[in-house]
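Undergrad: Provided herewith is a single structure, encoded as structure tokens, for subsequent inquiry.
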Amino acid sequence: MEEVEETINFSKMHPTSDSLFMYGTNKGSLRLCDLRIGSNADGNSLNFKSEFAGNKNFLASMLSSYSSADYSKQGKYIVSRDYLSVKIWDVCNNKKPVLNVNLNDSFKTKLSEMFENEAIFDKFIVKASPDGNTIASGSYNNWFHMVDQDGVNTQYELSYKKATIARQMSGKGSASTGKIDYMRKATALDFHPSKNMVAVASLNCFFMYAQ
């Protein structure tokens, strides 16, 4: 069998146009395609590239892989998730993201450990709230993050035994995570289609939050 170097991790239709769709790959390409121009997705698309795209270093190539993306309410913006960060893109400008938020900077010191236990292959979902003002995505240690339109990143710790702990992340220079529990990870979540409610899954538990 021929070895495939680039694979598609996800695809998603545009919320208001039946001719637009996007897909993300393991090589740091997030393409917005327009079927009105042609059926060749590679030739008729905008490519929202990761900053690590094209890097030959193995760890860098893993960091560039897009695991998920979503549209804002009217489809004017795209929110994307790679291993360490979430980004907001204007669909009319693929040169650089409008907002780039590292969910936890201290994870960068754990990359070798994450590679050794194969956690670096984990894929986390990102979702935009129905009003378009909040982004949600998961992490390890039963954490998930809510990022507002100003880039304020709040980390929540899921626990069915106690009240949810919230901590606002400072961005650069975030406190050390200490030991990471790679089994307790919130890889799946979604917003209610019309209300600011989010459901987060970790292991065999669901958690629901309403604003």
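Undergrad: Please state the Cα pair-distance histogram of the range 90-187 with 10 angstrom bins from zero: what percent is in each bin?
TA: In whole percents, the pair-distance histogram is 14, 44, 33, 8, 1.
Undergrad: Moving on. Return a whole-number percent for the relative contact order of the chain, with Cα pairs under 8 Å and 6 or more residues apart as the contact set. List each step's numbers first, then the result.
TA: Details: 478 pairs, mean separation 26.9, N = 211.
This gives 13 percent for the chain.
Undergrad: What stretch of the chain, leaving out the sites themselves, is the longest with no GluC sites (Glu not before Pro) in a DSSP loop having at most 15 other Cβ atoms within 10 Å?
TA: Details: sites that count: E2, E3, E5, E6, E118.
Longest site-free region, per DSSP loop and neighbour criteria: 7-117.
Undergrad: Note down the nm distance, to one decimal, between modelled labels 7 Å out along Cα→Cβ at T7 and at S39.
TA: 2.6 nm
Undergrad: A follow-up question, please. State the number of lysine pairs found in the range 1-82 whose Cα atoms come within less than 15 Å, restricting to pairs 8 or more positions apart or on distinct chains. Mind showing how you got there, number by number?
TA: Working: K12/K73; K12/K76; K27/K49; K27/K56.
So the count works out to 4.
Undergrad: Excluding residues fewer than 8 places away in the same chain, name every one of the aspartates and glutamates whose C-alpha is closer than 12 Å to that of K195.
TA: Qualifying aspartates and glutamates at Cα under 12 Å: D131.
Undergrad: Another question about this same structure. Running a GNM on the chain with Cα contacts under 10 Å, which residue among V91, V79, V200 ends up with the highest mean-square fluctuation?
TA: In this elastic network of the chain, the residue with the biggest mean-square fluctuation among V91, V79, V200 is V91.
Undergrad: Next question. Could you check which residue among K110, K161, K96 shows the biggest mean-square fluctuation in a GNM of the chain with a 10 Å Cα cutoff?
TA: K161
Undergrad: Report the one residue of F21, N142, T187 whose Cα lies farthest in the direction of the positive end of the charge dipole of the chain (charges on C-beta: Lys and Arg +1, Asp and Glu -1; origin at the Cα centre).
TA: N142
Undergrad: How long are the three semi-axes of the equivalent ellipsoid for the chain, computed from the Cα gyration tensor as the root of 5 times each eigenvalue, in whole Å, largest first?
TA: Details: eigenvalues 150, 95, 46 Å².
They are 27, 22, 15 Å, listed largest first.
Undergrad: Residue-wise, which Karplus ³J(HN,Hα) couplings in Hz belong to the range 57-69, taking 6.51 cos²θ - 1.76 cosθ + 1.60, θ = phi - 60°, and x for glycine or proline?
TA: Each residue of the range 57-69 in turn: 5, 4, 4, 5, 5, 5, 5, 7, 5, 7, 9, 6, 7 Hz.
Readers should treat all values here as calculations from the given coordinates under stated rules, not as data from a laboratory. Please read these numbers as outputs of a predicted model, since none were measured by experiment. Counting neighbours? That spans all protein chains shown, and the Cβs are built from the backbone with ideal geometry, glycine included.
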